[in-house]
Amino acid sequence: MPRRRKNPREFVEERVPAPPHAAGVQEFALAGAAADGPSAGPAGRRGGRRSATIRSRPRQQQQQQQAGGEEEVVVAAAQRAQGAAAPATTLEAVLLPAVADQEEQQLLLLPVSSKTLRFPLRPGKGRMGQKCMIKANHFFAQLQQFPDYKDLHQYDVSITPEVTSRAVNRAVMEQLVKLHRESSLGQRLPVYDGRKSMYTAGALPFEFKEFRIFLQQSQEESLQVDDALSSSSTTNNSTTLANIKERSFKVVIKFAARADLHHLGQFLAGHQADAPQEALQVLDIVLRELPTHRYVPVGRSFYSPNLGMRKSLGDGLESWRGFYQSIRPTQMGLSLNIDMSSTVFIEPKPVLEFIHDLLHKDLTRSLTDSDQVKIKKVLKGVKVEVTHRGSMRRKYRISGLTNQATKFLQFPVDEEGSMKSVIDYFHETYGYIIRHPELPCLEVGNQQRSNYLPIEVCKIVEGQRYSKRLSERQITALLRVTCQRPKDHEQDILQTVHHNAYHHDPYAQEFGIHISAQLAQVEARILPAPRLKYHDTGREKECLPKVGQWNMMHKKMVNGGVVNYWACLNFSRNVQENYVRSFCFELAQMCQTSGMDFQIEPFVPVRSVRPEHSSRALLQLCDEVKRRTEGKGLDLLIAILPNNNGALYGDLKKQCETNIGVVSQCCLTKHVFRMSKQYLANVALKINVKVGGRNTVLVDALTRRMPLVSDIPTIIFGADVTHPHPGEDLSPSIAAVVASQDWPEVTKYAGLVCAQAHRQELIQDLFQTWVDPQKGLCTGGMIRELLISFRRATGQKPLRIIFYRDGVSEGQFYQVLLYELDAIRKACASLEPDYQPPVTFVVVQKRHHTRLFACNHNDNRTTDRSGNILPGTVVDSKICHPTEFDFYLCSHAGIQGTSRPAHYHVLWDENNFSADGLQSLTNNLCYTYARCTRSVSIVPPAYYAHLAAFRARCYMDPDAVSDSASSMTSGFGANGQSVVSRRTNRMGGDGCIRSLPPLKDNVKKVMFYC
């Protein structure tokens, strides 16, 4: 028998024991009843989520039921368990199965297979906007249909003795193909992934065969093989130097599987739902085979000093030019995506010279402890070759640096423990006199048996990528090198395709792949810019942006914030106080002119402070102001920072936002001297939202003309996870979620941040449960708290959820959707029974290599001043997914270089967005970004989540690791509600994570991260 649906009020009253947020739950439920009548929730008045499912019939369900198969079986089984006649959404049936207890249903977490899930199909192509033709850096890849080439064959490869170097494996297989292609391999030209798999176009004459391969290498190559083998620390093999010098390998090739290209054709034609990943992987390996032999492969890119001029970045680093290459299924068929790329390599120079460039100091004296730490951090893992042995340039990998200078180093030379100094050893063995005995030695080899090499006899081997953190100066230099105007960028791509000569590639010919030499011609549309609303007291009450930008001339902020008490601290020794006072006066005037209620004079005079005394000065200042204002305290702190301020910025933000409780605006010294009106106007925009104001809103939002946003209370989420820099192995990842709080305007965003396990992409704290000794089972998490925050800010509960998720790669789509949509469901259910608002889950991607170019770079009607395509350009055909709902949107005007469009991919859509609906909503939101008067490149909720996560990293104590596996979620919400909670960290692994200090209450109200 179907269970009677309980009234939300009854559910709240019966709940024992009540969780910590019981008051929030009751308030949330009552608000739903007030907004929607007795039967609260998106189901309307017919009772609960099951009725909602019948009414809305999400697009996924319609599409999946048309396809039939196991999804219908899952749905039917769930319906029988519920005793319900109405069908349920497939994902709901899997993620939220019916159980006897409603509380258990909310909290149950079950593993889900991606086989039961299909991403929504494209709901037709968009029609809105002005049509135009553009070019994309996609090159059509055609497969020739010969009978012998119909099937791709995979073979397992085993090489004995086992090696971990792909270069050695490739050398072995290259020799095997050279010797046996015409005989044992039946004239096939295989491709090899460098590990365990080999692929052929058509079958080999055998299913199992052993080969004995002898590498005919020079002595130098043999030693490189030795180094590649001995550098492994993860493989327990018995390979010795003697074995290597025999250069003998046993290779076993065994048939594994076949990948039929017919399925690939069916997928590209839209007749098959799943992409045949095996076939795509093989074709990708085929087209990578020749570049792998020619260049240095890094991920999906290839680099060489011959592909462009080397550019020094300083401190011993240089940039190499290269190209990215990836084969992709698109609407036009298979497409080879090619883009220009640059990355950082270590300069091949003597180590002594490298250290001189790194430290910028004379090396005639001994190194300080900080110098040694810096050297060790940069050089660890770098391969060097010795120069004191003539033509024998043996290579080693650096494992560390000795604590003692070379002149003090000794090592045992026999079993009796006789010692010999490094200086004597080099003199007696090689006749070499060490010239820098005051410097330490490099430690090379493994940790069990380190060898000492004087720094002066070592040279860095060419072709080693540098993957550690760059300085600000190096980042600026790299950006200057990579910045290219669209016309030049396109020309370089075409030259790369010509240089690669795919039509002469023997591997591409073997597998019947033909690559076009021309960029794809794509039909695009230019979406119109939205009208923006400003305050009625300004001369211009509305604004229509032109080419993605506008200004604040004759306009006032739609909601100006109030700043009664503010102060300024000057941490820059180069700025005199009269300059600071003048700057503050101009800034205060700009805030007033822009529409804020801003006191023109600071509450206390400007103070100059040494950076090392920042904490004490801040506390003294805030205590004084709080005393003189009878407890009200500062509304705003202005901080003048040196141009190179190191950790001062992060320390100030942490102190202000988590310890004192004041929002702050930091300004660099160079801007104080310039004092440009444009800079002051942008700073005023940031200050306004930090003190609770709003800069502008969409006219369509005020007039309730935004499809699928204005009709019912809608909350828009943005989420992102930022990971620590390479080399920071102990630092946690930071997850951030923001949510709109001012429906129907959708301009203000509250947010939460939390630390989680290192490099964990799934947001762990979206929904959490824990057991309190007094209160029992408790629920919480970022989604739950932001939903309550929305209710308190607007007086209504969200009846629709739009979730923009940033930073997810294609390989993580299923995993992220299954985990995070499940968390959203549970968070909603924990607030009210049967509360399941329809969700649209959209992934936002910026780290892709699709670039869009105007057909005519000199046509002002289709390009902006930078030569890029116009803002609002959207593409949902030809280069997009064959069947799924995705599009490219260039929502911003270019400034320098080539614009990168954002890629939006819809993974779940219960709101049944049309292509025009989601594309126009996304484009319009890009004009509401608070920090500037320009449209931005990604949708603001995702942008804000990134900013919040980046800010939270300032709160981390680099030396403190928590002594429990718990995470601190810190955040802010509308109207000053507390949204800080501590809960058990559910992540796997034995490592503990650092906790985030909670934000102060008066900081939580506002968009402090802007």
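Below, the figures for the structure above:
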{"read-out": "Qualifying residues in the range 249-281 (those that are open to solvent by less than 20 Å² (accessible area, probe 1.4 Å) and touching a His at 6+ places or on another chain (Cβ under 9 Å)) - the one farthest from Leu176 (Cα to Cα)", "value": "Pro276"}
{"read-out": "Top-ranked residue of the range 906-950 - restricted to ones that are charged (D, E, K, R) and surrounded by fewer than 22 Cβ atoms within 10 Å (Cβ to Cβ), ranked as farthest from Leu766 (Cα to Cα)", "value": "Arg934"}
{"read-out": "Subset of the range 155-173 (residues that are at pLDDT 95 or above and open to solvent by 40 Å² or more (accessible area, probe 1.4 Å))", "value": "Asp156, Ser158"}
{"read-out": "Leading residue by the ranking (nearest to Leu117 (Cα to Cα)) among those in the range 870-887 that are in a strand (DSSP E or B) and open to solvent by less than 10 Å² (accessible area, probe 1.4 Å)", "value": "Asp886"}
{"read-out": "When residues of the range 567-594 are limited to those that are more than 36 Å from the chain's Cα centre (by Cα), outside any helix (DSSP H, G or I) and not β-branched (Val, Ile, Thr), the one nearest to Gly631 (Cα to Cα)", "value": "Ala567"}
{"read-out": "Selection from the range 890-904 of residues that are aliphatic (A, V, I, L, M) and under 19 Å from Arg861 (Cβ atoms)", "value": "Ala893"}
{"read-out": "Evaluation of Ala639 against (1) closer than 28 Å to Asn551 by Cα; (2) open to solvent by 10 Å² or more (accessible area, probe 1.4 Å); (3) not polar (S, T, N, Q) (one fails), failing number", "value": "(2)"}
{"read-out": "Among residues of the range 568-585, those that are under 30 Å from Thr747 (Cβ atoms) and open to solvent by 50 Å² or more (accessible area, probe 1.4 Å), counted", "value": "1"}
{"read-out": "Complete set of residues in the range 410-438 that are open to solvent by less than 30 Å² (accessible area, probe 1.4 Å) and touching a strand residue (DSSP E or B) at 6+ places or on another chain (Cβ under 6 Å)", "value": "Ser421, Val422, Ile434"}
{"read-out": "Failed condition for Arg628, given (1) at pLDDT 95 or above; (2) open to solvent by 20 Å² or more (accessible area, probe 1.4 Å); (3) of a type outside the set (S, T, N, Q)", "value": "(1)"}
{"read-out": "Count - residues of the range 702-747 that are buried (at least 18 other Cβ atoms within 10 Å of the Cβ), touching a residue at least 60 places away in the same chain (Cβ under 8 Å) and either of a type in the set (Phe, Trp, Tyr) or part of a loop (DSSP other than H, G, I, E, B) (or both)", "value": "11"}
{"read-out": "Cross-chain or 6+ apart pairs with Cβ under 9 Å, the range 665-693 first and closer than 13 Å to Lys748 by Cα, then open to solvent by 40 Å² or more (accessible area, probe 1.4 Å) and β-branched (Val, Ile, Thr)", "value": "Val691/Val562; Gly692/Val562; Gly693/Val562"}
{"read-out": "Residue within the range 588-600 that is over 25 Å from Arg694 (Cβ atoms) and surrounded by 17 or more Cβ atoms within 10 Å (Cβ to Cβ) present", "value": "no"}
{"read-out": "Identity of the residue in the range 794-833, more than 21 Å from the chain's Cα centre (by Cα) and within 18 Å of Ser710 (Cα to Cα), that ends up surrounded by the most Cβ atoms within 10 Å (Cβ to Cβ)", "value": "Lys797"}
{"read-out": "Residue in the range 798-806 that is among the aromatic types (Phe, Trp, Tyr) and over 28 Å from Gly897 (Cβ atoms) present", "value": "yes"}
{"read-out": "Residue match in the range 449-464 (condition: in contact with an Asp or Glu (Cβ under 7 Å, 6 or more places away or on another chain), open to solvent by 20 Å² or more (accessible area, probe 1.4 Å), among the hydroxyl-bearing types (Ser, Thr, Tyr) and farther than 24 Å from Lys135 by Cβ)", "value": "yes"}
{"read-out": "Filter result for Tyr565 (closer than 30 Å to Pro871 by Cβ, modelled with pLDDT of 95 or more, among the aromatic types (Phe, Trp, Tyr) and open to solvent by less than 70 Å² (accessible area, probe 1.4 Å))", "value": "no"}
{"read-out": "Counted residues, the range 748-793 - those being of a type in the set (Ser, Thr, Tyr) and surrounded by fewer than 24 Cβ atoms within 10 Å (Cβ to Cβ)", "value": "2"}
{"read-out": "Checking His857 against (1) open to solvent by 30 Å² or more (accessible area, probe 1.4 Å); (2) under 24 Å from Leu544 (Cα atoms), the condition it does not meet", "value": "(2)"}
{"read-out": "Check on Glu523, farther than 30 Å from Met340 by Cβ and surrounded by fewer than 18 Cβ atoms within 10 Å (Cβ to Cβ)", "value": "no"}
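The values are calculated or read from the model by the stated rules, or taken from the named source; none is laboratory data. Note that the structure is a prediction, hence the values are computed from the model and not measured. Don't worry about glycine lacking a Cβ; one is built from the backbone with ideal geometry, like all the others, and counts go over all protein chains shown. Calculation scope for accessible area: heavy atoms of the full protein, side chains included, ligands and nucleic acids excluded. Shrake-Rupley method; radii C 1.70, N 1.55, O 1.52, S 1.80 Å.
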